Structures are given as C-alpha cells and as structure tokens.
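Each remark here refers to the structure printed beneath this line.
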Amino acid sequence: MQQKETTVTAWSAAVLSRPYVSLTYLEPPYLPARAWQPGLRVLVPMGKGNALRLAVLMRGMLLAHLPDQLKYIFWPLEREPLINLEFLEMLEKVASRQMIDPGKVLASVLPSPLRKTPSGWLDRDKKHNISFSSGLKDMQFMSKAASKWQSDHWILNYGAIREDPFFAVAKNPPWKIPPRASLQWSVMDMLWHRGAQPRSRIRSALGQGAARCIQSLLKKKLICSVQHQTEEDDTTPEPAREYALSPDQHKALNQLAPRLEQEKFHAAVLHGITGSGKSLVYLKLARKCLENGRSAILLAPEIAIARQMYRYVRQFLPGAAALLHHGLNTPRKKENIFSRVRWSEGPVLLVGTRSALFMPMRDIGLIVLDEEHDESYKQDQSLIYQAKEVAYYLARRDRALLVLGSATPDIKTYHAAIQSRIELVQMHHRIGSSTLPSVEFVDLKKYPPDFGSLSKGCADILRQTLERGEQAVIMHNRRGYAPIIMCADCSETVLCKSCRVALTYHKKRNRLVCHYCGGSLPFPPVCEHCRGSECVPVGQGTEKLEEYLSRHLPGTSVLRLDRDSTRNSGKARDILENFAAGKAQILVGTQMLSKGHSFPDVTLAIVPDADLGLGLPDYRSTERIFQLLVQLSGRAGRGEKAGRVFIQTRNPEHFCWKYIRDCDYEGFFSQEIQRRQTFDYPPFVKLGLIRFSFPASWPDKQRFLADLRQRASEAGAHSAIRLLGPAPALLSRLKDRERYHFLIKSDDWISIKRVYLALRPLFEEHRQLRFSLDLDPVNML
C-alpha cells in the first residue's frame, strides 16, 4: 500500500529592514493554522544569531517535504491583518514595476508606529516582562506562550512609550549664535532646511552632542517643541452655499457623473483653463460617489493645496467621513488615518498628497488628481513611483473613475486623450464674468531692469495697480537673497565644498547655504582660492526682491511665499490667508505661487525672469516653463476685474512665448509633440534612467565606468535599445559623491528592465555605489 504523502505549510515573508528580502518560513506548531494570514505583521528569525526582524506574510504555500534549513515564523504582531489583501497586491505591483523587494515598499509606506517591534510579552496577571529570547530555542516554552497569548493573559510588550518630541525653528533669522558654536548652527541649519525634526533624528545626524545644543537653543528660544501640531483640519468650517454651475461645469458633470453609476474603470482628462471651476466639479463627483456608497480619493500636488481642498470638502460635504493625509502629519496621526481607513465600514473621502494612495482603501469609486501635470506626483528618491501610475492601477482594480485635471496637462496625458485611449473633457471658459488676463512679454535687452529686477514699464504698472487698491503677485523662481556670491579679489564663485555648486546668500540668516545638502557657512566667507574675505552678492532671489519692494514702495505690505518663509507648520496657510484677506498688497514667491491659489483682488502678475530653467538639458524643460507661466498667469483676473500679466525675458523670439500669450495649449501641444517625435522622446519611446553615485575619492572609478560601458554594450547588443551614457549628471557632485546618469531608450519596458538586470550585479559588487532605476523619469538633473 502506497504511503500518503504529507505536506507542510510555509509562507513567503517580506522583511521590512535591510537587506529587504523575501524569505520562506514554516508555520510553527505552537499556534493554529488560522493564526496565519496574508498581510499579517510577524517577527521572523534571521541569520546565525536568529535576530528577530519585522516582516509581513505575503502568501502561503504547501511543501511536499520539510527542508532542513527553513526556520519557523516566530510570532504574530496582531490577530487580524492590518494590511488587507488589496493593499498587499498593490504593493507587489509597485515592487514588480521597480524591480525591488516588497519589503522595501512596505518599509517606505507603512507609518513608523506600525513598523515598531515589541521586545517580548507582558504578563498581565503578574505584571512582569518576558523576553522573546526565552523562547527562541524552547518549543515547550513557546507552546506555553501561545496558550497564554490566546487566552489574553499575555500581551505583546512594546515598552513604555518614549516621547520623541519634534523641534522646529521658533524665531526667524537672524539668530544670535556665536560663530564658533558650529554644532548649534548645524542644528539650526537642519531644522531650517528640513522643517520640524524629532530629537532622535537630530541626534542620529549630528551626534550625541546635539542633545546639549537642543537644550541651549530652547533656552535661547530659537527653537521650540512641536509635539502636538495643530492643523486647520480640526476646526469646523461654515457649510458652503450651493453654487450655480457654469455651462462648462454642467457639461463636464454630464460627461463624467454617469461613469460613477456604471462601476466600470474609466479614465478622463479634465482640461479646464485656469479659473474654469474644476474644483467644484471634483466636489460634485465626490458627493455623488459617496452617495453611491463608494470611497473617493482627491489628490493635490502640494500640502498647502491639499489643505485648501480639505477645507472645501468640509464646507461642501459636512457629513462626509473625510480625512486629510500628507507627509507633515505626525507618525501617530498617520497611523490613526491608516487604521481608520483599514477598518472603516462605510465610504471614506481621503484628501491628500501623493502618499495618500498608500492608504488601504477599499471599494474606491473615484480618484482625482488635481494639477495632474505637476512633477510633485513623481517621487524619484528612496521608493521611486509615479502617483498617476498607482492611481491608474487602483482605479482599474476597483472599477473606478479616474479624473486627471489640469489647465496644462502633461504632454503624454493629452496625447493619450487625443489618441482616444482616455476620454477628453474640456472647459474653455472661466466661471462668472471673469476672463483670462492679457499677457505681455518685456524684452529685457530693450528695457533692462530699472526698479530692482523690474523694468521701468513693469514698475510703473505695479504702482498703478497698488494705487487702485488692487493686489499683485510676483513670481521669481530663486529663493534666498542672492543666488551667487563672488570673491571681489579673484572673481571666483563661492561653492559648496561637498556639492561644488554655488552657495546662496540668505541675508536674514547671514549665512551662505547650499540648497542641495543644506550645509552652510557664515557670511562673509574666506575665499578658498585667494584667502580674501571681500565678497559681492550677484543676482537676486525672492528675499532680496521682498526687501527691495518693501523699501521702495513705502506703505505697501509685502509677503513672501517660498520654502524659507513656510518652514514652520501653518506658516504657508497664514501667508495665503493674510494675502487673501487683503492684509498685504504684494505677494512675492517661487513657483509655489502658481499652484491652484485663487485671489479675486489680484489683477497683476509679473515674472522678472522667465528664462530661468528654459535651456536645461532636459527634454521637458520647455513644457515645464509653459505650464509654470500659464498657471502663474491664471492667478490674475479671477475676480470681476480684468487681469494683466507681464513676463520679462532676454529671449523674446522663443517659440513658446506666443502660446503662453494666447493661452493656447493645443497650439503648444502640436509644436511640442512634433519635437518629441523628431528627437525620439516620450510618448514615442520608453525611457529608463539609471542613477548611480560613489564617493568623490573612490579610486576604482575609471575601471568601474569602463566595465559598465562594456557590460551595457553586451546587454544591448541583441535588442532595439539606445544607450546614452554613462555620463556625469548635470549636478555632477552632491554631498561629496559623484553622480552619473545612464539613459536607456526602448520601445518597451521589458527591454529596459533586461538591461538593468544585466547591469545590477556589477553595481552590487561595490558597496560604495548607490544606484536606482527610474522608469519614465521626470527629473533629468
């Protein structure tokens, strides 16, 4: 008689820490089979010492025999999986797309409290702790632990909740810190450059001495504790009145709303000019979706716009289960939102930035990406992903409506629409009586700057606007006081020692700052070439522009909106609300000004230098400038008064300007799409960008680059791909590391991935190397 074959159950577990691998583990005999489910967070032993690591169970499998080398799962961290199957499948898709292990994706998207590991059990009866080490090699003990845990006498012990307060800059510069107190300066630079940081992260970055510096800076009231950030989402706004829809809004809703009833996947581009009322269309669609009993996601490119959208939701849909998620939420708040979304029994309306897509939403009926062209939807560091791709996957999975809204859609998105791969919905008119502003270009070669960075004509029009009691916005895409500092003795530019890029002078801080690594030097510096100490600021940033206008326009209040002025929580909101309330007449800022803000009293917009970024070696540079200036133009004339826009340039013949002047997106698209086809760029080809870097002093650089070129040539010999590089990146050195790019062109993604897989072993041979693959890159710098 044939003996019956026995099987054992094993699980693939994705480890959430380096080296981010998926390993196979057996179900332990001391807990029942029902204890193990996909998505369960567990502890697994790794290495010779059986160090316990956090992992997530991916899928179970039956094995015909018991391999000797397999280890048992040690312990579950929950009885029901916090991570549902739909969420797990999405993360696997992201991991497969980027060719990384699911553990790295999970480690990147799970809120940090959900990645914390317990140290043992707590006996609730005897009030004492039991270490996990007691059961690592004792099956009898583990059986006892399982019995105690299942009867709820033992619980997992995460230890006392240690406070890890966040600290932020409490006082705007200048700061009274001795020049030799370098560590205090480092703490201030870190908080100013990165925003509020937990104490543990400051100590990790700057060493144990940072703890004393924090106390010293607290006493000086230069920093403050911000453990509990108060956001505007805790307030209850007044319900909004019902607005009469414009003909374009009616038409758009008539096209899109029926798609919500069909419960089939459908994607549409909502191409509406600035001020056409796209936000109200989003809100009406969201209301309809919730009424149908399905959840919705509304995404914005930046936190300030997400908060504004959330306020609209609270006003327009006061009874909705609405949540606001973004990167500045505290870890505990992120955990709370994650849990509320996971266990919600009804429809949820989630508002946020791109990371909101990594909440465990179910039964989604609507996903909206406002300003879908914005580069903020692409994350190209750490976990690389394109929010539009993730949104597309979720919408297909749940048979939802995906709406991509913009006045200046991404070229690839609009191309898909005119190819009928997605629906095109258009809104050609502004709401109410407002009209698009007139746009004029000023030739700086004929009319050079006469009033700070403004030509005489622009300065006169600015004064006239202020005399009428109207408001103006001025966008200059360079923050700081002066973008370049030059030695008066030898004319050399002062560079960051780590990055070899020009340091920017910030006058209020009286420091030279690197905008890439965050390092700073006192001003004036000592020239590293001639040892001179006489320096000359060259050029103008937003800080200098604000100072100049405040000084030369007496009685005029000027606000500044840039990364430096909005460091602290709520500061951007305060600036925007004060300007909207008429407490200032001029708002100066970087490209943050162009994104989705509505100020009815703004009738004038000025761009002092439109040429910034136009000549970058990036196939998207012209598209980027077109989008930026059309969006900025849209801030003017949104009320009853007509708007005017003045754009200063040294290159008045550039082909892009006429399309901006006429707000002619279709004309610009026709011209740009021909250029893309001629030079073989998306959407007519797939792009993959391998970024890699190594220490600037690495002795094996030349040999490695030669080996890389040889292996790349072999990998691409039998496929229709084009290889460009490896070549130094435009920003060739950052943080004492040399940066290189390797661009791969192909007709399909598979060929690009094959080349990357052929090259990856060579990268992995050298610990000094950091490398990543970016599919469809947005940032080529």
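Summary table below
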quantity	calculated
Identity of the residue in the range 674-719, among the polar types (S, T, N, Q) and in contact with a strand residue (DSSP E or B) (Cβ under 9 Å, 6 or more places away or on another chain), that ends up farthest from residue 770 (Cα to Cα)	719
Selection count where residues are within 21 Å of residue 106 (Cβ to Cβ) and open to solvent by less than 40 Å² (accessible area, probe 1.4 Å), scope the range 372-392	8
Matching residues, the range 520-561, being out of contact with any His (no Cβ under 9 Å at 6 or more places or on another chain) and small (Gly, Ala, Ser)	532, 533, 539, 550, 555, 557
Conditions (1) closer than 24 Å to residue 570 by Cβ; (2) assigned to a helix (DSSP H, G or I); number of the one not met by residue 318	(2)
Conditions (1) assigned to a strand (DSSP E or B); (2) touching a His at 6+ places or on another chain (Cβ under 9 Å): number failed by residue 564	(1)
Pairs, first among the β-branched types (Val, Ile, Thr) in the range 540-557, second outside any loop (DSSP other than H, G, I, E, B), C-beta under 8 Å, six or more apart	542/560; 542/588; 542/589; 556/466; 556/549; 556/550; 556/586
Counted residues, the range 405-448 - those being within 29 Å of the chain's Cα centre (by Cα), among the basic types (Lys, Arg) and either modelled with pLDDT under 95 or not in a loop (DSSP other than H, G, I, E, B) (or both)	1
Check on residue 362, at pLDDT below 95 and either within 21 Å of the chain's Cα centre (by Cα) or open to solvent by 30 Å² or more (accessible area, probe 1.4 Å) (or both)	yes
Close pairs (7 angstrom Cβ cut-off, 6 or more residues apart or separate chains): of a type in the set (S, T, N, Q) in the range 409-420, crowded, with 21+ Cβ neighbours inside 10 Å and part of a loop (DSSP other than H, G, I, E, B) anywhere	413/372
Residues (open to solvent by 20 Å² or more (accessible area, probe 1.4 Å) and either farther than 17 Å from residue 599 by Cβ or of a type in the set (Phe, Trp, Tyr) (or both)) located in the range 543-564	544, 546, 547, 548, 550, 551, 552, 554, 555, 563
Only one of 463, 430 that is surrounded by 17 or more Cβ atoms within 10 Å (Cβ to Cβ) and of a type in the set (Lys, Arg)	430
Filtered residue count, the range 683-731, keeping only those that are touching a residue at least 40 places away in the same chain (Cβ under 8 Å), open to solvent by 60 Å² or more (accessible area, probe 1.4 Å), over 31 Å from the mean Cα position of the chain (by Cα) and more than 15 Å from residue 764 (Cα to Cα)	1
Qualifying residue in the range 521-536 (condition: in contact (Cβ under 8 Å) with a residue 60 or more places away in the chain and either open to solvent by less than 20 Å² (accessible area, probe 1.4 Å) or not hydroxyl-bearing (Ser, Thr, Tyr) (or both))	yes
Subset of the range 583-641 (residues that are under 18 Å from residue 543 (Cβ atoms) and open to solvent by 10 Å² or more (accessible area, probe 1.4 Å))	590, 591, 592, 609, 612
Residue selected from the range 324-346 under the condition over 16 Å from residue 361 (Cβ atoms) and among the basic types (Lys, Arg), by the criterion least open to solvent (accessible area, probe 1.4 Å)	333
Whichever residue in the range 275-323 is over 25 Å from residue 255 (Cα atoms), buried (at least 20 other Cβ atoms within 10 Å of the Cβ) and basic (Lys, Arg) and, among such residues, is farthest from the chain's Cα centre (by Cα)	314
Among the residues listed as 277, 293, the single one being at positive phi and in contact with a Phe, Trp or Tyr (Cβ under 9 Å, 6 or more places away or on another chain)	277
Residue 39 more than 24 Å from residue 155 (Cβ to Cβ), among the small types (Gly, Ala, Ser) and free of Cβ contacts under 8 Å to residues at least 60 places away in the same chain	no
Single residue of 100, 83 found to be open to solvent by 20 Å² or more (accessible area, probe 1.4 Å), closer than 30 Å to residue 775 by Cα and part of a loop (DSSP other than H, G, I, E, B)	100
Failed condition for residue 167, given (1) over 23 Å from residue 200 (Cβ atoms); (2) in contact with a Pro (Cβ under 9 Å, 6 or more places away or on another chain); (3) among the aromatic types (Phe, Trp, Tyr); (4) open to solvent by less than 20 Å² (accessible area, probe 1.4 Å)	(1)
Residue match in the range 145-154 (condition: farther than 20 Å from residue 116 by Cα, of a type in the set (A, V, I, L, M, F, W, C), open to solvent by less than 50 Å² (accessible area, probe 1.4 Å) and at pLDDT 85 or above)	yes
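The values are calculated or read from the model by the stated rules, or taken from the named source; none is laboratory data. Here the structure is a predicted model, which means the values were calculated and not measured. All Cβ positions, glycine included, derive from the backbone under ideal geometry; neighbour counts span all protein chains shown. Heavy atoms of the whole protein, side chains included, go into the accessibility calculation; ligands, DNA and RNA do not. Shrake-Rupley method; radii C 1.70, N 1.55, O 1.52, S 1.80 Å.
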